[in-house]
Amino acid sequence: MTINKYNLIKKKAFKGNRLKKIAYKFKGIFPNNNILSERLIIRPPRRRDWKAWVKLRISSYEFLIKWEPYWDLDKCNRSTYMRQLRLQRTRAAYDQAYSFLCFRKSDKSLLGGINISNIERGVMQTGNIGYWLGKDFTSKGYMYESIYTLLPYIFDQIKLNRVQAYTLEENKSSRKLLESLNFKKEGILRNSMKINNVWRDHILYSRLKNDD
């Protein structure tokens, strides 16, 4: 598997002088558009991705809603995507969170996404990882390949020491995925997140930079 092929984003990717200055300050952190694995391209979202994102999210709604915080199907549109994109770029500029979309190399199909969020610096150096796939792309090893490829970037470029993941107990495929990536089960967090508007317990998994 080919991993860790990426360049750094340029200042012009951020609009506004203030964000450009911040992007320049943190230019050793931002990825460009080409984190590659054997089958996949993993990169930050772009404006032109909105149609593929909306189509995939809508077509996978019934599958995704069981595992995600509630979102309104009627508001899954271009405006929502652009609003999220602006927020994602701002959070990246402030080193708070990083978002990625995963595409298949062979036909450039959008498969899903990965978010590194709630980044804590100082003595913590910790972030959360969340991920999703369209319903037609599950059970093919795509998310394993995506996270496996992204982990060197998370530890070596974003410079986190610890990555955390939350998953529902009944989400056996997600638990199996994390365990196959050497994430360790740490315990249960009670009522830690609303899923489809209901407070749910979650199992906490983590992986450290020095874990084999």
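Some points to look at:
- Flag for Ser60 being closer than 20 Å to Ile195 by Cα, touching a helix residue (DSSP H, G or I) at 6+ places or on another chain (Cβ under 7 Å) and surrounded by 16 or more Cβ atoms within 10 Å (Cβ to Cβ): yes
Matching residues to (1) under 19 Å from Pro45 (Cβ atoms); (2) surrounded by fewer than 17 Cβ atoms within 10 Å (Cβ to Cβ); (3) of a type in the set (Asp, Glu):
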site	(1), (2), (3)
Leu111	yes, no, no
Gly122	no, yes, no
Ser139	no, yes, no
Ser146	yes, no, no
Asn161	no, yes, no
Thr167	no, no, no
Ile188	no, yes, no
Asn197	no, yes, no
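- The single condition from (1) under 30 Å from Arg162 (Cβ atoms); (2) more than 16 Å from the chain's Cα centre (by Cα) that Met82 fails is (1).
- Residue within the range 137-148 that is modelled with pLDDT of 95 or more, farther than 20 Å from Glu68 by Cβ and in contact with a Ser or Thr (Cβ under 6 Å, 6 or more places away or on another chain) present: yes
The values are calculated or read from the model by the stated rules, or taken from the named source; none is laboratory data. Because the structure is predicted, anything quoted here is derived from the model rather than measured. Here Cβ is always computed from backbone atoms with ideal geometry, including for glycine, and neighbour counts include all displayed protein chains.
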